[in-house]
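These notes concern the structure reproduced below.
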Amino acid sequence: MKKIILSITILFLASFSYSSESLKPSSTDYEDARYSQNVILGEVVDVFSVDLTKDTTKYQLFGATTAGYIARSELRDKSEVEQVVGTLAAGLLGKKIGKKVGKKRNNKEGIQLIIKLENERTIGVIQEIDDSHSFKPGDKVYIVGSGRNTRVLKSNS
């Protein structure tokens, strides 16, 4: 039984370990290749640091379930009250640990760029920090794409 639990745990954690999502301006999806996108020229007005976070619910659920199950297995010779209290306590602790693991694995440093477009409209775009693209007020930039697929790239001219 412990081998089954260990196998399920490894498979579950492996599902979290790979994430192709990148919010860096130099990173695009394979599907974007050979696909035309709108490009707008603008100028950076201001730059702010932001934290990019993902939902940690699946880590919390996994931590609570695993810890609760292990506690219940270890307390099977105890009274029903001790089993329930022990399982709940372990589940709460597992949830807390799962949340910390999720935050550690999913938080990224980002920037919010405030950009004045050529048509005098001002927009804000948040993206992951990329060492190959640093921004400061006054930089000429290209806004590539639209909606959730928007990236800001520094102009070379």
Inset, instruction - Answer yes if at least one residue in the stretch 86-95 is in contact (Cβ under 8 Å) with a residue 12 or more places away in the chain, of a type in the set (S, T, Y) and over 25 Å from N149 (Cβ atoms), and no otherwise. - result: yes
Inset, instruction - Give the residues of the stretch 116-139 that are in contact with a Ser or Thr (Cβ under 7 Å, 6 or more places away or on another chain) and in a strand (DSSP E or B), sorted by residue number. - result: K116, V125, E128, D130, H133
Legend entry - Options S49, S26, S36; residue that is assigned by TED's automatic domain parsing to the domain that holds R121, at pLDDT 85 or above, of a type in the set (S, T, N, Q) and under 30 Å from K154 (Cα atoms): S49
Inset, instruction - Tell me, please, whether a residue that is acidic (D, E) and touching a residue at least 24 places away in the same chain (Cβ under 8 Å) can be found in the stretch 68-84. - result: no
Inset, instruction - Of the numbered conditions (1) in contact (Cβ under 8 Å) with a residue 12 or more places away in the chain; (2) assigned to a helix (DSSP H, G or I), K104 fails exactly one; give the number of that condition. - result: (1)
Legend entry - Residue satisfying condition, being at pLDDT 70 or above, within 16 Å of the chain's Cα centre (by Cα) and either of a type in the set (D, E, K, R) or in a loop (DSSP other than H, G, I, E, B) (or both), within set K54, K95: K54
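The values are calculated or read from the model by the stated rules, or taken from the named source; none is laboratory data. Quick caveat: nothing in here was measured; it's all calculated off a predicted structure. No Cβ is skipped: glycine too gets one built from the backbone with ideal geometry, and neighbour counts run over all protein chains shown.
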